1. Which one of H35, S75, V16 is farthest out on the positive end of the charge dipole of segment 7-113, using unit charges on Cβ (Lys, Arg +1; Asp, Glu -1) and the Cα centre as origin?
2. Out of segment 56-91, which trypsin sites (Lys or Arg not before Pro) are coil in DSSP terms and have no more than 15 other C-beta atoms within 10 Å?
3. So how do D62, D95 line up by other beta-carbon neighbours within 10 Å, fewest first?
4. For a footprinting-style exposure proxy, rank V78, V16 by other Cβ within 10 Å, fewest first.
5. Between the DSSP loop rule and a limit of at most 11 other Cβ atoms within 10 Å, which chymotrypsin sites (Phe, Trp or Tyr not before Pro) in segment 49-109 are left?
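What follows draws every value from the coordinates through simple rules; no lab data is involved. Bear in mind that the values here come from a model prediction, so they are computed numbers and not experimental data. Quick reminder, even Gly has a Cβ in these numbers, built from the backbone with ideal geometry, and neighbours come from all protein chains shown.
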Amino acid sequence: MKNDNDVSGGVSDALVVARLGTQEEQTPAVNNDSHPTWSNDNRFRFRVGPARAAALELEVFDHTALRKLSLGSLSVPVNALLPSEWQRLRYPLKDGAGGELELDVRWEPEALRH
């Protein structure tokens, strides 16, 4: 049974919010799962400015009907990504009680897209 006051030891209704600057996207919730995998509606496109000083911020939430409870977050600096290559990254979640997030990410420079 899920305990909303202590989701670290049980299952959650997890979703991920992805932010880059003022842009924000969100996955659907994966219900009642202690190791969720997002396989649908999980591909997002963000416009990165020329400075590449931004970071992709990801936060995992336990989404209930009443509120969102953070399960942890991480930050991926855009300038650490290799241009025009898919990369599979796995990071521990900050304040995530041992949880981690694995993602595939690609940075496509504007100049190379033309």
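1. Working it through, the farthest residue towards the positive pole turns out to be S75.
2. Answer in residue order: R67.
3. Ordered from fewest to most neighbouring Cβ atoms within 10 Å, D62, D95 come out as D95, D62.
4. V78, V16
5. Answer by residue number: W86.
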